[in-house]
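Visitor: Okay, here's the structure, questions in a sec.
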Amino acid sequence: MYAAGSASPLLARAMVQLASGLFVPQGVAREKYPIDLMATFVTASEIFGRRLEPGIVQYVLERTPRVSGIQFCVELTRRLNTHGGDWRTLQDELLSRWFTPEGATRARALVSDGNRRLVAEQGVLMLLKRVLQWCPEQVPEDDVEGPAGLVLAYFALADDDGESVPSGVEDLTPEQSQRLAAEVVSNQWFHTDQDIVSLFARHAGRWAPTEVEPQPRVLYQRATGLRLELLESVTLAIWAVTQGGAVWTSTEQLIAALDFDAADVQQVLDHLSLTPEQMRDQIRDEESLRGQDWSFAAFEQFPLIADGGGVVVVSPSLLLRRVFSWTLTWDVRASSAISRTQVERFVALIRARAEEQIREAFSGIYPGLPTKRVYTEDEQASAFATGKDLPPRADLVVDDVDSWLVVEITSSMPTMQTIASSSDRAYLDDIEKLLAKVKQIDSSIRMLRDHESALTGHAARARQFIPVLVCTEGFPVNPMTFGELTRRIRELGLLDGGDVMSLRLLSSEDLDAAEAFTETNGVALADLLRDHAASGLRASDLRSYIISERNPSRIRPHRLDGSTDPVFAALLATVLPNAALGATEGDSPPTPLDPGPSDGQSAGS
C-alpha cells in the first residue's frame, strides 16, 4: 500500500489474512491461545493494597441480617446471569456503587484489559454459603453492618481462597500444580457458556414421546410424584421473573398466574427449594463430605430459597440447569418409588435419546443423497464381523470424501468430585473413563484401514482419519485435560499412524456451533476440525475457537429453528396473559445494591 501521489509505502509491513478473513499487519497477527480465553478475578490485595484478614468475613456476616446478606448475593448472581456479555457496563455499575472515586479508578485499571473480572459467580455463591451459616435472622439496629461490609466480605473470601497458591509458577510444588489444575477444571465446568436455545432443544428431544412404554415423562412422575410439564412451567415462570429484573417471586402471585392448582404449584416449589435453615444444614452436610472448595451441590439441587412468603432464585443459570439438563435424571435415580430395574431402564432411555440427537446432527450435516455418508455401529458390525467375533467399534463413521470422521458418543458427565474440585485426581479418573471410548474409535479406524470396501462397497483409497469423541453433557477441554488425555492415548498406542489426526473432543453445543458454521460458510466439517486442530486453540473447545477465530454469523444450526417452541408453548399455555409475576415495589426484601451504601460509606478508598 502506498501514499497517494508517491512511491513511499504507507504500510511497510506485510499484511496477512486471519482465519476470520480480516487482513492485519504481520506483526500483530498472533494466534489466540487458551490462556487468551481465560479470565481471572481480582482480589482484595490488588484493590486495597493489602490482604484482608479472613476473620473479617465472619465479623461482618454476624452483624448482617440474613435477608440482607441473601439479597446482596442473589442480586449479584442475577446480574452476572443477565448482563448479556457486557462486562464493562456491569463492572462500571458495581465500581460506582461499591467504591470511592479513587478506589474505583484503581479497581477499574485492574479490569480494563478485559481478562480480569471484578466479580465471579462462584465467589458470590461461596459468600452465600457463609451468609447462610453466619448471618442471624435479626441484628440490633446499632450493630448492623452496611452494604460496604458485604463487599469487603466478598473480597476477603477471594483473598482467602487463593492463600495457598504461590505467586510464581516456578514456585509451585507438584502437589500445588495438581491442586491448581483441579481448580481450573472445576472453574471451567461451572462457567461453561450454555446456549439456552440448545439447552431447551436437547431437553425437548430427550423427553419427547417414544415408541417404548412407559414414556420417560410417565416414569418421572412415578418416581417423583411430579408431572414434568408442571415442573417445566413453574420453573420457566420463575426464571422469566429474573430476566425482568427481580430475584424474589411471591408464591401467591405465582399460584394466581399459573393455570395449576395451588397444591401442585406448591409441590414444585417444595421440590426445588429449602428454607434458609434447611439450606444451611444441607451445605454443612455437603462440606463435611467434600470440603468447602467450589462445591455447590446444595444450590444445584435446590436453586430456590423459600423465604418471606415467596422464593428467592439463588442463580438463574442453576435454576435452568436443574430442570432442563441431565441433572433432572438425578430425581429418578435417587427415587425409591420405582424399582432399580425401572431406574436403569429410564437412564438407558434418556442416554439413548441424547446420543440419538448427536446422530441426527451428523445426518443433517452429511445427508445421504445421492451417496450414503453416515454408517452406524450396526452397519459396521455387519461389514466387519469375522465369524462370531464383534470387535468394538465407534458409534458412527462418516464418509467426508477425503477423510473418515470416526465418531464415538458418550453421555457420561464429569464426577461430582471433579465438578467441586474436592479431589485433585478426580479429573484424571474421568479422563481414564474417556479412554474406553477412544479405544472404540481406534478399533473402527483399524477396521476401515483394512476393510473399507466391505462397508462402502467401493474400492478403498488413502484417506485421513479424524477421531471425534462427543460428550453430550460436555467435558472441560483445556491444556491440562487435553494434554493428559493426549499423553494417555500415546501411552496406550491408540490413534497412531500418520493418517490419524489428533482427537477432537466435542460437546453438543460445539457440534451445534460447527453445524451452523458449515451451513452458513460452506466449509466442510472435516476442514473445520482440521483448522481447529492446527490452531493455537486446539486444546480448547471448538465452540470457543469458532466464536473467537472464525467470526460466525450464527452459532445455532437451522435444525434448531422452532425446536424450543414446545417448551415455551407449555409456559404460554399455563401463564395467564395478564399475570403480573415478580416482586412489585414493597414486596421484595431490601436490595443493598440499589441505593448504594446507606451509611454514606464505600468499600474502597
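Table: residues versus (1) among the aliphatic types (A, V, I, L, M); (2) part of a helix (DSSP H, G or I).
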| position | (1), (2) |
| --- | --- |
| LEU219 | yes, yes |
| LEU236 | yes, yes |
| GLU252 | no, yes |
| HIS271 | no, yes |
| SER288 | no, yes |
| ALA306 | yes, no |
| ARG321 | no, yes |
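Visitor: What tally of residues in region 48-64 results from selecting those that are touching an Asp or Glu at 6+ places or on another chain (Cβ under 7 Å), part of a loop (DSSP other than H, G, I, E, B) and of a type outside the set (S, T, N, Q)?
Guide: The number of residues fulfilling the criteria is 4.
Visitor: With respect to THR89, determine if the residue is farther than 15 Å from GLU145 by Cα and touching a residue at least 40 places away in the same chain (Cβ under 8 Å).
Guide: Judged against the criteria, THR89 is not a match.
Visitor: Pull up region 520-554, narrow it to residues that are of a type in the set (Asp, Glu) and in contact (Cβ under 8 Å) with a residue 12 or more places away in the chain, then point me to the one that is most open to solvent (accessible area, probe 1.4 Å).
Guide: Out of the qualifying residues, it is ASP531.
Visitor: Polar (S, T, N, Q) and open to solvent by 10 Å² or more (accessible area, probe 1.4 Å) - does that describe any residue in region 423-433?
Guide: yes
Visitor: So, THR481, is that one assigned to a helix (DSSP H, G or I), open to solvent by 30 Å² or more (accessible area, probe 1.4 Å) and either of a type in the set (Val, Ile, Thr) or under 30 Å from ARG322 (Cα atoms) (or both) or not?
Guide: So THR481 does not fit the description; no.
Visitor: For the list (1) in a helix (DSSP H, G or I); (2) of a type outside the set (D, E, K, R); (3) open to solvent by 20 Å² or more (accessible area, probe 1.4 Å), I need the number of the one condition that GLY85 fails.
Guide: (1)
Visitor: I'm checking my understanding of the structure. Among residues of region 302-344 that are over 22 Å from MET279 (Cα atoms) and without any contact (Cβ under 8 Å) to a residue 12 or more places away in the chain, which one is least open to solvent (accessible area, probe 1.4 Å)?
Guide: The extreme case among them is SER339.
Visitor: Still on this structure, I have one more. State all residues of region 106-146 that are outside any helix (DSSP H, G or I) and under 21 Å from the mean Cα position of the chain (by Cα); if no residue qualifies, say none.
Guide: Across region 106-146, the qualifying residues are GLY114, ASN115, ARG116, ARG117, LEU118, VAL119, ALA120.
Visitor: Still on this structure, please answer the following. Considering only residues that are closer than 25 Å to VAL312 by Cβ and either of a type in the set (A, V, I, L, M, F, W, C) or surrounded by fewer than 18 Cβ atoms within 10 Å (Cβ to Cβ) (or both), which ones fall in region 97-110?
Guide: TRP98
Visitor: Examine region 462-471 for a residue that is open to solvent by 40 Å² or more (accessible area, probe 1.4 Å), at pLDDT below 95 and not in a helix (DSSP H, G or I), and state whether such a residue exists.
Guide: Among the residues of region 462-471, at least one is open to solvent by 40 Å² or more (accessible area, probe 1.4 Å), at pLDDT below 95 and not in a helix (DSSP H, G or I), which makes the answer yes.
Visitor: Looking at region 221-241, which of its residues are at pLDDT below 90 and open to solvent by less than 20 Å² (accessible area, probe 1.4 Å)?
Guide: VAL241
Visitor: I would also like to ask the following. Out of the residues in region 123-143 that are farther than 27 Å from THR40 by Cα and charged (D, E, K, R), which is modelled with the lowest pLDDT?
Guide: ASP143
Visitor: A further question follows. Only residues that are more than 15 Å from LEU76 (Cβ to Cβ) and of a type in the set (Val, Ile, Thr): list them for region 116-152, please.
Guide: VAL139, VAL144
Visitor: Out of all the residues in region 277-284, is one or more open to solvent by 40 Å² or more (accessible area, probe 1.4 Å), within 20 Å of TRP330 (Cα to Cα), part of a loop (DSSP other than H, G, I, E, B) and in contact with a Phe, Trp or Tyr (Cβ under 9 Å, 6 or more places away or on another chain)?
Guide: no
Visitor: Still on this structure, please answer the following. Please go through (1) of a type in the set (A, V, I, L, M); (2) open to solvent by 30 Å² or more (accessible area, probe 1.4 Å); (3) in contact with a Ser or Thr (Cβ under 8 Å, 6 or more places away or on another chain) for ALA201 and return the number of the only condition it doesn't satisfy.
Guide: Among (1) of a type in the set (A, V, I, L, M); (2) open to solvent by 30 Å² or more (accessible area, probe 1.4 Å); (3) in contact with a Ser or Thr (Cβ under 8 Å, 6 or more places away or on another chain), the lone unmet condition for ALA201 is (2).
Visitor: Still on this structure, please answer the following. Please go through region 348-361 and give me each residue that is of a type outside the set (D, E, K, R) and either open to solvent by 20 Å² or more (accessible area, probe 1.4 Å) or over 18 Å from GLY474 (Cβ atoms) (or both), ordered by number.
Guide: Hits for region 348-361 are ALA348, LEU349, ALA352, GLN357.
Visitor: Among the residues of region 247-263, write down those that are under 30 Å from the mean Cα position of the chain (by Cα) and either over 27 Å from LEU76 (Cβ atoms) or open to solvent by less than 20 Å² (accessible area, probe 1.4 Å) (or both).
Guide: Those that are under 30 Å from the mean Cα position of the chain (by Cα) and either over 27 Å from LEU76 (Cβ atoms) or open to solvent by less than 20 Å² (accessible area, probe 1.4 Å) (or both): VAL247, TRP248, THR249, SER250, LEU254, LEU258.
Visitor: Would you confirm, using the coordinates I've provided, whether LEU152 is part of a helix (DSSP H, G or I) and modelled with pLDDT of 80 or more?
Guide: yes
Visitor: I would also like to ask the following. How do the helices (runs of 4 or more DSSP H) wholly within region 327-387 filter down when requiring 3 or more residues that are among the acidic types (Asp, Glu): which remain?
Guide: Answer list for region 327-387: 340-365, 377-384.
Visitor: Would you tally the residues in region 209-220 being of a type in the set (A, V, I, L, M, F, W, C) and open to solvent by 30 Å² or more (accessible area, probe 1.4 Å)?
Guide: Total meeting the criteria: 2.
Visitor: Does LEU435 meet the test of being of a type in the set (A, V, I, L, M), out of contact with any strand residue (DSSP E or B) (no Cβ under 9 Å at 6 or more places or on another chain), at pLDDT 95 or above and in a helix (DSSP H, G or I)?
Guide: It is true that LEU435 is of a type in the set (A, V, I, L, M), out of contact with any strand residue (DSSP E or B) (no Cβ under 9 Å at 6 or more places or on another chain), at pLDDT 95 or above and in a helix (DSSP H, G or I).
Visitor: Looking at region 388-400, which of the residues that are in a loop (DSSP other than H, G, I, E, B) and open to solvent by less than 80 Å² (accessible area, probe 1.4 Å) is modelled with the lowest pLDDT?
Guide: Residue satisfying both the conditions and the ranking: PRO391.
Visitor: While we're here: Among (1) exposed (fewer than 14 other Cβ atoms within 10 Å of the Cβ); (2) more than 27 Å from the chain's Cα centre (by Cα), there is one condition GLY244 misses while meeting the rest; what is its number?
Guide: (2)
Visitor: Would you confirm, using the coordinates I've provided, whether GLN58 is under 15 Å from GLY149 (Cα atoms) and open to solvent by 20 Å² or more (accessible area, probe 1.4 Å)?
Guide: Taking the combined requirement at face value, the residue satisfies it.
Visitor: Would you mind telling me which numbered condition in (1) out of contact with any helix residue (DSSP H, G or I) (no Cβ under 7 Å at 6 or more places or on another chain); (2) of a type in the set (Val, Ile, Thr); (3) closer than 17 Å to ILE441 by Cα ILE466 fails?
Guide: Tallying (1) out of contact with any helix residue (DSSP H, G or I) (no Cβ under 7 Å at 6 or more places or on another chain); (2) of a type in the set (Val, Ile, Thr); (3) closer than 17 Å to ILE441 by Cα, ILE466 fails exactly one: (1).
The values are calculated or read from the model by the stated rules, or taken from the named source; none is laboratory data. Being a predicted model, the structure only gives us computed values, none of them experimental. As a convention, Cβ positions derive from the backbone with ideal geometry for all residues, glycine included, and neighbour counts pool all protein chains shown. Calculation scope for accessible area: heavy atoms of the full protein, side chains included, ligands and nucleic acids excluded. Shrake-Rupley method; radii C 1.70, N 1.55, O 1.52, S 1.80 Å.
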